[in-house]
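One structure below.
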Amino acid sequence: MRDLFRLIGWTVVDLFRSRAALEAEIWTLRQQINVLRRTAPKRLSFSVFDHLVFVGLYRSFPKICDALAIVKPNTIVRWHRASFRLYRCWRSRRRGGRPTVPLEIRKLIRKMSIANSLWGGPRVHGELLKLGIEIGQTSVAKYMVRRIGPPSQGWKTFLNYHADGIAAMDLFVVPTISFRLLYGLLIMGHGRRQILWFGVTSHPSAEWIANQLTEACGWEQVPRYLIRDRDGAYGEVFIRRLRSMGIRDRPTSPRFPMAKRIC
């Protein structure tokens, strides 16, 4: 602390001195530094006050590195970075906030998520509330085990188990050489992707489509689900025929032809 007051005092005195006197003093100090550098040991020890003085001068006047003799400029830069790192640690220190979750509760959350792989954060949070454990849902999701795969079965898994009971049908138009329009009806099974029935007519109606469906399933196993679009040709007669045969009607979404792209 005495060195600090002495340094501040000489700084105030230097404000009233002439430039020639300051230059003479600087030459004297540099010569003394040269003598000390020859006789002093190679490794010098610096106090915290010395660090602060050098770092403060470097912060205010970066060009002082040219006048350094007893310490290397890289050392001053390293001290400056270390002081800035300590300052950032002090600024980012913990100031209260959300309380920490006990280790027992974290282990319980992890155990519940492993034992019930299909449970999500809301389900585990609800079970913990039933046990009287007051904890936020975001904290529960934070300590749950991350799943590698999707949380539920995908469309590929569904097809592997139910493809044999799914069929798709579609109407398409074929223009002839005489500029007539023929309508083709295709019924395809998803199990082996084979054509169950194929019919052609120039006047499609709900009765004709219902009869074609009966012919297609007359010698084969009746599918459980039938995928079709929302064409107006599938009338009330066709829908009643599906219900009488025990087939569940599954029309696709409007303007979504990719839902039956296989057909």
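May I ask you to verify whether His190 is in the same structural domain as Pro251 (by TED's automatic domain parsing) and surrounded by fewer than 17 Cβ atoms within 10 Å (Cβ to Cβ)? No.
Taking helices (runs of 4 or more DSSP H) that do not extend beyond the stretch 100-143, which have at least 1 residues that are touching a residue at least 24 places away in the same chain (Cβ under 8 Å)?
It comes to 103-115, 137-143.
Can you confirm whether the stretch 130-151 contains a residue that is exposed (fewer than 10 other Cβ atoms within 10 Å of the Cβ) and in contact with a Leu (Cβ under 7 Å, 6 or more places away or on another chain)? Checking the stretch 130-151: at least one residue is exposed (fewer than 10 other Cβ atoms within 10 Å of the Cβ) and in contact with a Leu (Cβ under 7 Å, 6 or more places away or on another chain).
No other residue among Gln212, Gln221 is modelled with pLDDT of 85 or more and not in a strand (DSSP E or B) apart from Gln212.
The values are calculated or read from the model by the stated rules, or taken from the named source; none is laboratory data. If you're wondering where the values come from, they're calculated on a predicted model, not measured in any experiment. Using ideal geometry, Cβ is built from the backbone for each residue, glycine included, and neighbour counts are taken over all protein chains shown.
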